[in-house]
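What follows draws every value from the coordinates through simple rules; no lab data is involved. Only a predicted model underlies this, so the values are computations on that prediction, with no experimental measurement involved. Backbone-built Cβ (ideal geometry, glycine too); neighbour counts: all protein chains shown.
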Amino acid sequence: MELQPTNGDIKIKISPPEANQGKKMWLNDLSFKYNLVFWENSSNSQARSKNIFPVDTVDDLAPDTTYCFKVQANLPTEGKEGLFSPVRCVKTTQKAVNDLLCATNLRVLGLNMEFHLHWDNQYKQPVSYNVQYLIGYLKRLNEDYSGKWVSVPGCGNVTGTRCNVSSAITTTGFYYLRVQARGGHNRSCLSSEVKVDPLKTNEIGPPGVKVDISDTLLHIQISPPGGPEGEVMRNNYILSYRILYWRNSSSDEEEAKVKETKQTVATIPDLAPETLYCVKAQAFSEAYNKSSVYSQEECIQTPGAKAFPLIILATFMAALFAVLLVALPLVFVLYQAYSKIKYVFFPSCQPPLNIEGFGGQLCTSPYLPTPEEPVENYSIIDSMITYEGNQIDCKDYKHSKQSSRDSGNYSNDDNTSGSKGSAETLGKEIV
């Protein structure tokens, strides 16, 4: 262990166990962790301890005071603790007057993996700042890392007292930040360091909440912290959500109910009709013991109990009216067309009642061809009666009578009886 007083602090450099031996039991020196114990070299002082890197600095010491140190190497992976090194003592130097040019009170604020470094400015004259970072892994090496600090992109020549350092920080490992101030006459001053462990330093922002109503169910849609661009949050934290919902009514003082879920969709059943419900959500990580603030309240009104039956009835009546409005004219048009077709191609031939006794005659359409009626050939023989004085040729009469009987096209039973009556009358007249 090497000790070097510097500006009121003590710079320490530790060599790993077996550093000067040719054969080593532990080949990986980076697996060692060092525990430093130091105390003020006086009779009533109390010992203090801290974990340090192989090259580190112990500050917050009294000036011009002798301190004693001893160090212990441990192997946490194997659960082994080493012996303490021999005690070494050194006297601190006088601390330089506090330079107002230096940035003070460094602090890192992280939200949804966006990191900003803030500091205080005590200098009254114009000053510019350059933010630098160091990968924490370099401090675990057994070598001096003072020349390995790198400027943060976009944080050079800053005149304000904050800068976005997200471009230099990833979720793997840890980092150290410091601020170099530059004033007039080429003066400069380095601030103290601040450690950044991204997943521990970062704070979880509130999630987004959307609500919707379906029947008697309240549907809740949760957006992870960071919104669509918060993929880093979802990849590095296993998030759960705590949902608070309650009735927002002046007459109802019901306490908020809690529902926890690991999904981004939740459903609340058994809602009261015509009631205003409000919802807000909180994201939390059990692994890192972190939780966000609650999101803004989202409220929605549930429909009345009879709203859905009335809507269904109104929809049915409207559909029925639309069907009737279309069907009635269509039926009327079809009926008219059917009547015209029937009249033209299949006409009705019902005779009037006063001549119904003569029998009906089958009617045919004038637009359809009709079969030709059979016709009997017949001949008509006219009967002639010749008067000669008062004598009549009875033979001709009888022949005419016989001819009239043979021609049946113009005679029927009634005509036959009529002919007989006429013959008798004629005979009487002749006599």
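What the table below lists for this structure:
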quantity: Residue order, fewest to most surrounding Cβ atoms within 10 angstrom, among His185, His219; calculated: His185, His219
quantity: Positive-pole candidate from Val152, Thr170, Asn186, dipole of segment 140-206, charges at beta carbon; calculated: Asn186
quantity: Label-zone membership for segment 184-206, site Asn289, 7 angstrom Cα→C-beta point, backbone N under 14 Å; calculated: 200-201
quantity: Ranking of Ile135, Ile238, Ile169 by count of other Cβ atoms within 10 Å, fewest first; calculated: Ile238, Ile135, Ile169
quantity: Computed over segment 207-305: relative contact order in percent, which uses C-alpha pairs under 8 Å that are six or more apart; calculated: 33
quantity: Lys/Arg +1, Asp/Glu -1 at C-beta; segment 156-270 dipole; positive extreme among Val211, Val196, Pro228; calculated: Val196
quantity: Pairwise label distance in nanometres, Cys278 with Arg88, each label 7 Å out on the Cα-Cβ vector; calculated: 6.5
quantity: Theoretical gain in end-to-end length, His116 to Thr6 [0.36 nm per residue, Cα-Cα removed]; calculated: 36.6 nm
quantity: Summed side-chain charge close to Cys89 - residues other than Cys89 whose Cβ falls under 11 Å, Lys, Arg +1, Asp, Glu -1; calculated: +2
quantity: Ranked packing of 194-202, 80-88, most packed first, by mean Cβ within 10 Å; calculated: 194-202, 80-88
quantity: Net charge dipole size for segment 207-305 [Lys, Arg +1 and Asp, Glu -1 on Cβ; Debye, nearest 20]; calculated: 420
quantity: Sorted peptide list for 5-18, 324-337, criterion being average Cβ within 10 angstrom, highest first; calculated: 5-18, 324-337
quantity: Per residue, the convex hull volume that the Cα atoms of segment 104-201 enclose (Å³); calculated: 94
quantity: Loop trypsin sites (Lys or Arg not before Pro), segment 221-272, which have at most 14 other Cβ atoms in a 10 Å radius of their Cβ (DSSP); calculated: Lys262
quantity: Part-to-part distance (alpha-carbon centres) for segment 101-147 and segment 47-78, which is given in Å; calculated: 23
